[in-house]
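Let me begin by presenting the structure, written as structure tokens, before commenting on it.
The values are calculated or read from the model by the stated rules, or taken from the named source; none is laboratory data. From a predicted model like this one, the values you see are computed outputs, not experimental measurements. When we count neighbours, we look across all protein chains shown, and the Cβ atoms used for this are built from the backbone with ideal geometry, even at glycine.
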């Protein structure tokens with residue numbers, strides 16, 4: 001199943017980032033298969049992930065941004081037992097192994113500020129071996145090229161990508177997919193150009 005999800009990710013190229021639950025109905029009714037849930041709470045996450053699964057969507061959940069859940073192994077356990085997601089993204093490297101132990105795809109999320117953070121990030125990924133990596137901001141083609149040349153897993157980039165040309169630039173640089181909350185990009189079909 002993990003291989004199928006990662007293959008579909010590389011084919012769809014755009015991941016719908018949901019930072020406001022009011023955007024969920026539109027996200028559920030687009031043809032794109034992926035939702036990156038970056039908002040919610042203990043009281044909404046189960047309902048939201050269930051709705052996404054009913055609409056045939058793959059759900060990547062940003063663990064660090066779900067309110068009301070402790071950001072440790074106990075919060076992770078509750079989430080896995082109650083919500084339906086296909087992948088969990090976190091900045092907490094220590095949780096990657098735990099996420100994978102549940103049979104869920106694990107994504108190491110990183111914010112790149114300078115060359116040191118790139119080197120540190122790549123070293124962490126080498127040690128914790130996530131199923132894929134999420135990097136922000138996504139408007140850095142030369143950095144994306146540098147990362148993908150060293151990376152042994154798929155790469156999603158996001159943050160500040162609001163135009164078609166910006167998404168194309170990130171994909172051309174080697175990103176597997178682009179995460180964006182810009183609704184006008186949710187329906188673009190990149191499959192023919194970027195399917196691997």
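Structure values in brief
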{"quantity": "Residue list for the range 119-153, restricted to those being over 21 Å from residue 6 (Cα atoms), part of a loop (DSSP other than H, G, I, E, B) and out of contact with any helix residue (DSSP H, G or I) (no Cβ under 7 Å at 6 or more places or on another chain)", "calculated": "137, 140"}
{"quantity": "Flag for residue 156 being at pLDDT 95 or above, part of a strand (DSSP E or B) and within 18 Å of the chain's Cα centre (by Cα)", "calculated": "yes"}
{"quantity": "Test: residue 187 is at negative phi and modelled with pLDDT of 95 or more", "calculated": "no"}
{"quantity": "Enumerated strands (runs of 3 or more DSSP E) restricted to the range 1-111, each holding at least 2 residues that are within 13 Å of the chain's Cα centre (by Cα) and free of Cβ contacts under 8 Å to residues at least 60 places away in the same chain", "calculated": "34-37, 58-62, 87-90, 105-111"}
{"quantity": "Some residue of the range 101-109 being crowded, with 16+ Cβ neighbours inside 10 Å, in contact with a helix residue (DSSP H, G or I) (Cβ under 7 Å, 6 or more places away or on another chain), at pLDDT 95 or above and within 29 Å of residue 163 (Cβ to Cβ)", "calculated": "yes"}
{"quantity": "Search result, residues across the range 27-41 that are touching a helix residue (DSSP H, G or I) at 6+ places or on another chain (Cβ under 6 Å), closer than 13 Å to residue 183 by Cα and surrounded by fewer than 23 Cβ atoms within 10 Å (Cβ to Cβ)", "calculated": "32"}
{"quantity": "Checking residue 116 against (1) out of contact with any helix residue (DSSP H, G or I) (no Cβ under 9 Å at 6 or more places or on another chain); (2) not in a helix (DSSP H, G or I), the condition it does not meet", "calculated": "(2)"}
{"quantity": "Filter result (surrounded by 13 or more Cβ atoms within 10 Å (Cβ to Cβ) and more than 23 Å from residue 2 (Cβ to Cβ)) within the range 66-83", "calculated": "69, 71"}
{"quantity": "Residue check for residue 62: surrounded by 17 or more Cβ atoms within 10 Å (Cβ to Cβ) and out of contact with any helix residue (DSSP H, G or I) (no Cβ under 9 Å at 6 or more places or on another chain)", "calculated": "yes"}
